[in-house]
Structure formats: structure tokens, C-alpha cells
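Each remark here refers to the structure printed beneath this line.
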């Protein structure tokens, strides 16, 4: 029996507010557990400064007991919630600790699935082989935030980013294998010192995410994601929609869907732009309603400043929607095939204008929209179907565990020779 620890920062399960990483973790935990001879548990590194499992400076009750590990069950999978020391400091939540090491040593391998490689650093003191499967780098994820923050808060963000970047470099060098989700990050990981890097993009169930009849050309314009996250660019999507509406008054309504709603600032912006009566917020998304949202829509938009991949984009594509996406590393990878399965627009200063132009084009040119919709599903079936994904990851896991066993044997032989 191969025991796999699927290590995920702040894992919530299917009803939680997590984003793409949480969605990937849900799928991987189920898919890995379905393989004969594999047993999976999730190890959730608590990332909230208020986590009850953590030691907190502002909570004297935690000073004596220190960090804890608690257990819960999500859809039949055991989830171990692991606290940290001094949870008020971001970097401390990603450092090794003895109670975490003890837990990880009960497994044969740790697969760390995270937005940043820094999370892998937390488990590398256990001696268990580590697969670091990450989406991006902290500095890239926070680029848009650092650009607008000012004052003491900006300095604190800069310091946390600097410290986390140091952990990322160490984690990549010390992992048995680093797994990237797009080619751009694969090259970055190599430059940062990872000895072995594999490319394994996220995949989805193309039977679950599928069209239902023909595309609804009068359906809403949809975006799905962490609506309160400034990296998702909801403000510029609102501005682009308002601009397009000024040109095409019969443009369908805009739906913002996610596990949590948008910020008050963005809702105020919608009011200022005079489009609040055309914007619908679906948050949280009801259980089982996501596929229906895609099928009822006419266009999907991903307006992110940074995106390591963008699972929601391929979900929409699999459901037969034309996609408008900013040219992040993730979207550029998804749209790499010719002919392109969607419209790629600037993620910089021209994003608002180009998103608006794309929305107008897809609404007024039905032939273009239908062609992109058909091509979108073809690309997902060819490149991002789940059928072979678990096998590819298990091949990586097998190579890492085999290398670790071989190293242990060599060490024993060497010790025997010395004695």
C-alpha cells in the first residue's frame, strides 16, 4: 500500500472558499484514492492567522499547548488540519514543525499541491520524499498588489514576499521533483535550482463539464473565481463590460460567480458605472450549479492580472463557451494551439479596451463565436482531459519514492562498509 500525503495550504473541501488549487486538490484526492494500492489523506496547512490549531501571540490560551493537529472527514477522505507557531506571521505558517514532521513520516510520499512552492518547505524536514506541485511564485501573484499598496502595509507585504521567495528557492532545490502547471513556470523553476522539473497541467472531467445542446448565444457573460481577490481583475472586467455596453446596448448581462462575493469597492464601481442593474452576483455557487452556469452563458471571461493556469477557463471551454482571457502565463499556455480556442487580450494597460472589443466581437459575430466554442472543447479534450492525469502523477511519485529507497539502501551499504 502506497500512502500519499496530499499537502494543501488551507484545504476546505468542495463547499469551502478555495480557488483553483482547492479544486485540483478535491479532484486529486478522489482520483488517487480510486487507484488500487494507493491510500490518500489530505494534510491541510492552516494559513489563517486565526486558525484554532495554531499558536498565536494574541491568544494566550495557545501559548502552553502550542500548535495542534485535528482531523475531519470530507467526502470520505481524512483531512488533517495542521497548525503552526506564531500564526500571525505568514512565513511561520510555511516552516517545518515537529508535529507536522511526525504526521508526514506516517506516509511514503508527500505531494504538496499549492499556489507557491514555499508550502513544500514545511514538510521537507520529515525525511519523506517530496513532490512540489505548484502554480506560481509569490512575487508574481502579488505583483498587482505591490503596485498599488502604499505606506506601512506595502512594506509589510514586501517583507513577507521577500521571506516567502527565499523559502520558495529552498523548497525547489530540496524537492525530489518540482511539477509546473505551465511551460513558463517550468523554466522559472529550473532557473531557481530545481534539479528535476516535470510539466503536468491541471485536467478536468470532460464528461461532467460538457455542452448541453447548442450554445446559448443570448446567454449571460460569465466569470467564475475568487471575486474578492484583486489579482482576478474584477474591476477592469466591470469597466470593460460598461464600455462594451455603451457600444452594444443589447449585450447580455454580466454574471460574477464564486464561492465568495466581490468586494464592496467593486460593487460600488458597478453602481458608479451605471451597470449594477446588469450585473448579477452568484455567491456562493449552489452545490451542483456550476456546470449549469456555464451552459446558460454565451461567453466566459478571465480578466486576471496573474494566473498560473486557470481551471475555470478550461471548464468553460469544455462546456462549449468561447473564452476571452488576459495573456497570463496560464492562459497563454491554454491558448497555445493553432487555431486558437479563444481570444487572448492584453493583461496590462490595454486590458479594459481589449476585453470590451472582444465582448463586442463575440456578440456581433456569431460565426466567430460558434467557431471558437467548437474549437474550445476540442482543445480541452485533446490536452486537458483527466483520463491520463493520475497515471502521470503516479509515475512521478513512483520515481521519487524509488529514488528515496535506493538512496536509503546505498546509505546502509556505506555504513556497513565503514563498520
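Relative to the dominant Cα principal axis of the chain, helix 151-174 is inclined by about 60°.
Distance between Cα centroids, region 247-282 to region 132-177: provide it in whole Å. If you average the Cα positions of each part, the centres end up 31 Å apart. Per residue, the average separation of C-alpha pairs within less than 8 Å and at least 6 apart gives region 48-90 a relative contact order of 47 percent. Short-range pairs are left out: with C-alpha atoms under 8 Å and at least six residues apart, the relative contact order of region 220-383 is 25 percent. Counting neighbouring beta carbons within 10 Å and listing from fewest to most, the residues 21, 204, 275 come out as 275, 204, 21.
Each part gets one Cα centre, and for region 291-333 versus region 55-119 those centres are 33 Å apart. Shown for 287, 395: other C-beta atoms within 10 Å of each C-beta, ranked fewest to most, produce the order 287, 395. Taking Cα atoms only, the orientation of helix 20-33 departs from the longest principal axis of the chain by about 60 degrees.
Ranked by the mean number of other Cβ atoms within 10 Å per residue, highest first, peptides 161-169, 126-134 order as 126-134, 161-169. When 335, 309 are arranged by Cβ crowding within 10 Å, least crowded first, meaning fewest neighbours, the order is 335, 309.
Rule-based calculations on the coordinates, nothing more; no lab input. Keep in mind that what you see is a predicted model, and the values were worked out from it rather than measured. Glycine also receives a Cβ, built like all others from the backbone with ideal geometry; neighbour counts cover every protein chain displayed.
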